[in-house]
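For reference, the structure is listed below as structure tokens.
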Amino acid sequence: MNGKRILLVIGGGIAAYKSCELIRLIRKAGGDVTCVLTRSGAEFVTPMTLAALSEAEVYTSLWDLKNETEMGHIQLSREADLIVVCPATADLMAKMAAGIADDLATTLLLATDTQVMAVPAMNVRMWEHEATKRNVAQLRTDGVIVLNPDEGAMACGEYGEGRLPEPEAVFAEIEDRLSGASPEHSQPLLGKRVVITAGPTHEPIDPVRYIANRSSGRQGFAIAGALARLGAAVSLISGPVSLETPRGVKRVDVETALEMEAAVNKALPADVAILVAAVADWRAEASPRKIKKGETGGPPELNLTENPDILAGLAAHDQRPGLLIGFAAETDKVVGHAKAKLDRKGCDWIIANDVSGDVMGGTNNSVHVITAQGVESWEQLPKREVARRLAERIAETLA
Ligand code: C5P
């Protein structure tokens, strides 16, 4: 984020305190922050706090901009690489959608030609109100990036959608925009449905033991997040993992391969399916009670049954997604094995990763994209970047 300039507009909501942490994260990453505090925002955080964290002057009213020629509101907004409204209250978004300019924040939001990102935070009823829905839709049509709020317990004691996402998540969205990721307002995957499987499956042996493959779920979760950012409606069918659900993604948790298969079929029809999960190949006949060591006079017989191949099943499904993508984790002859898998499973692409290194559970991945047209080998990249490129590749293919 080196040298990038963020103009941070802070609206009046209890979540305003989270913008303090956001400033810290941006500063730590080498970005500059200029804060504009609305009158109601100042009821929740003080200009002094913001000035100390941003190490810059904080603007609260049109009349702060004493020298209109040097530091007018137009210049203030146009100097920024990105304008972030956080928290974006229902009131502030209503004004933005209507083009009202009655204070410094709304005036510069109307005067700017810089990309604006709004991070809503409000009570669940307010978020679900038809008026707010209309305003959010209008803002998105106008090219404003409106993030979806998180679901959870609220300061007002209610539960639901409307919480401000955690500062780390907002920071990641800002980074994405500034790194030249495709601008969200173009949302090339809007209206497309995507199903993704991720993580391992657990096949119980008894109530305390199970068979599983090694998989952190990170790559699949990153892909789900990247596709959601491009506007896709993403259903993420996840095995047992300890990961946060990416923003804007609908997650279904499952445990076994059979449950995963049922959840995938339930999520159909879909335009794209990406099966990243490391599904266990076999399941055991599970004992309803814990098998005691020694009771079987040696190791117990597991009596294994082959699990359904979800990917091959989708390839033959009468609702086969138009673009079907499988993954292949290989330790040797990576491309050769993956090519064979493409034919055997009947999918359109195979993303082959070499797992002989530290890919499992690690943050980097080195993949080969295998299609009927040939093989493309990508350099080693963070899983997040692999996800971003893959999402863009999918968007191009569907276009
Ligand atoms: O056969 P293999 O497990 O190597 O194939 C990997 C690909 O097939 C991955 O995309 C994985 O998600 C998918 N798969 C599946 N159901 C299985 C086994 C693998 O969907 N039972």
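The values are calculated or read from the model by the stated rules, or taken from the named source; none is laboratory data. No experiment lies behind these values; they were computed from the predicted model shown. When we count neighbours, we look across all protein chains shown, and the Cβ atoms used for this are built from the backbone with ideal geometry, even at glycine. Side chains included, ligands, DNA and RNA excluded: accessible areas come from the protein's heavy atoms. Shrake-Rupley method; radii C 1.70, N 1.55, O 1.52, S 1.80 Å.
Taking the C-alpha atoms only, the angle from helix 257-266 to the longest principal axis of the chain is near 50 degrees. Taking 0.36 nm per residue of sequence separation and removing the Cα-Cα distance, the residue 133/residue 399 pair yields an extension gain of 93.0 nm. Considering only 84, 52, 132, the residue lying farthest towards the positive end of the dipole of region 5-178 is 132, judged by Cα position with unit charges set on Cβ. Roughly what % antiparallel, to the nearest 5, for the DSSP beta bridges in the chain? Just about 30 percent of them are antiparallel.
Between residue 39 and residue 242, the modelled label-to-label distance comes to 4.9 nm, taking each label 7 Å out from Cα in the direction of the beta carbon.
How high is the FRET efficiency between residue 24 and residue 179 when r is their beta carbon distance and R₀ equals 30 Å, given to the nearest 0.05? Please list the in-between numbers first.
Numbers: r = 20 Å, r/R0 = 0.66.
Efficiency computed from Cβ-Cβ geometry: 0.90.
When the chain is treated as a GNM with alpha-carbon contacts under 10 Å, the residue of 192, 341, 293 showing the greatest mean-square fluctuation is 293.
Of all accessible surface on region 209-252 at a 1.4 Å probe, what whole percent is carbon and sulfur? Carbon with sulfur: 46 percent of the solvent-accessible area.
Surface composition of region 5-178: carbon plus sulfur atoms hold 52% of the accessible area, using a 1.4 angstrom probe and ignoring ligands, DNA and RNA. Distance from the Cα centroid of region 88-107 to that of region 149-172 is 21 Å (rounded to whole angstrom).
Taken along the Cα-to-beta-carbon direction at a fixed 7 Å, the label points for residue 155 and residue 255 span 3.9 nm.
Charging the Cβ of each Asp and Glu at -1 and of each Lys and Arg at +1, and nothing else, the dipole of region 5-178 about its Cα centre rounds to 100 debye. By DSSP, the beta bridges lying fully in region 278-399 are antiparallel in about 70 percent of cases.
Residue 327 exposes around 40 Å² of accessible area when a 1.4 Å probe is run over every protein chain in place.
Using the Cα coordinates of the chain, the gyration tensor eigenvalues translate into equivalent-ellipsoid semi-axes of 46, 23, 19 Å, sorted from longest to shortest. What is the list of residues in region 106-130 whose amide nitrogen lies under 14 Å from a point 7 angstrom out from the Cα of residue 78, following Cα to Cβ? From region 106-130, the list is 108-115.
Would you work out which of 260, 99, 207 lies farthest towards the positive end of the dipole of the chain, given +1 charges on the beta-carbon of Lys and Arg and -1 on that of Asp and Glu, about the Cα centre? Ranked along the dipole, the leading option is 207. With a Förster radius of 30 Å, plug the Cβ-Cβ distance of residue 100 and residue 125 into 1/(1 + (r/R0)^6) and report the FRET value to the nearest 0.05. For R0 = 30 Å, the calculated efficiency reads 0.85. Annotation: per residue accessible area for region 23-108 equals 48 Å², rounded to a whole number [probe 1.4 Å, protein chains only].
Of the residues 243, 340, 374, the one whose Cα sits farthest towards the positive end of the charge dipole of region 193-398 is 243 (charges of +1 on Lys and Arg Cβ, -1 on Asp and Glu Cβ, taken about the Cα centre). Distance between the pseudo-spin-label points of residue 317 and residue 340 (7 Å out from Cα toward the beta carbon): 2.7 nm. Helix 334-345 and the longest principal axis of the C-alpha atoms of the chain enclose an angle of approximately 80°. Quick check: from the Cα gyration tensor, does region 149-223 come out rounded (a/c under 1.5), prolate or oblate? Because a/c hits 1.5 or more and a/b fails to exceed b/c, region 149-223 counts as oblate. Between their Cα atoms, which of 95/250; 18/250; 4/28; 192/266 are more than 19 Å away from each other? From the list (95/250; 18/250; 4/28; 192/266), the Cα-Cα distance tops 19 Å for 95/250; 18/250.
Estimated from the Cβ-Cβ distance and a Förster radius of 41 angstrom, the FRET efficiency linking residue 332 and residue 168 is about 0.65. Basic side chains Lys and Arg get +1 at the Cβ, acidic Asp and Glu get -1 at the Cβ, and with that the dipole of the chain about its Cα centre reaches some 480 debye.
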